[in-house]
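Q: Structure provided below as structure tokens; questions to follow.
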Amino acid sequence: MADKLFCSFCRKTDKEVPSLIAGPGVHICGDCVKTCTAILDGLPADGFAGWEKLEEDKLLANLPRSQAAHEAARTVLQQQIDELRKRETSWAKIGEALGISRQAAWERFG
Ligand SMILES: [Zn+2]
């Protein structure tokens with residue numbers, strides 16, 4: 001079972017970090033905020049570790065979190081489209097924004 005809450009940047013769970021800040025379908029921990037602040041200030045920062053640096057067991061352990069992040073992003077996309085449809089935005093405009101046809105947009109999100 002995937003952990004419910006985790007940092008979208010470093011994948012640590014809410015049990016592993018003191019706090020998580022929530023965005024629409026994403027979360028970020030205090031350590032990653034510090035890294036972002038350093039990058040924005042032009043200070044030396046390690047950035048975020050790539051997948052190639054994780055051992056197999058850690059990478060496998062991350063799969064459910066990545067799947068949860070994928071599902072959360074899909075939910076955010078659907079919520080945005082639902083809001084546009086409430087505003088009577090056409091499927092043609094939504095499809096155009098997504099680079100797909102009106103019909104494809106309706107089939108995927110209608
Ligand atoms: Zn983090």
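Q: Here are some conditions: (1) touching an Asp or Glu at 6+ places or on another chain (Cβ under 8 Å); (2) open to solvent by 40 Å² or more (accessible area, probe 1.4 Å). Residue 16 meets all but one. Which one does it not meet?
A: (1)
Q: Moving on to the next point. Could you pull out every one of the helices (runs of 4 or more DSSP H) wholly within the chain that has 3 or more residues that are within 16 Å of the ligand (Cβ to nearest atom) and either touching a residue at least 24 places away in the same chain (Cβ under 8 Å) or out of contact with any Lys or Arg (no Cβ under 9 Å at 6 or more places or on another chain) (or both)?
A: Helices (runs of 4 or more DSSP H) meeting the threshold: 30-40, 56-86.
Q: Take residue 87 and decide whether it is more than 21 Å from residue 13 (Cβ to Cβ) and of a type in the set (D, E, K, R).
A: For residue 87, the condition - more than 21 Å from residue 13 (Cβ to Cβ) and of a type in the set (D, E, K, R) - is met.
Q: Further question: Collect the residues in segment 46-80 that are surrounded by 13 or more Cβ atoms within 10 Å (Cβ to Cβ) and more than 18 Å from residue 23 (Cβ to Cβ), keeping them in residue-number order.
A: 54, 59, 61, 62, 64
Q: Among the numbered criteria (1) closer than 19 Å to residue 4 by Cα; (2) within 16 Å of the chain's Cα centre (by Cα), which single criterion is violated by residue 33?
A: The one condition residue 33 does not meet is (1).
The values are calculated or read from the model by the stated rules, or taken from the named source; none is laboratory data. Predicted, not measured: the structure shown is a model, and the values here were computed from it. Note that we place each Cβ from the backbone using ideal geometry, even for glycine, and neighbour counts take in every protein chain shown. Just the protein is used for accessible areas: all its heavy atoms, side chains included, with ligands, DNA and RNA removed. Shrake-Rupley method; radii C 1.70, N 1.55, O 1.52, S 1.80 Å.
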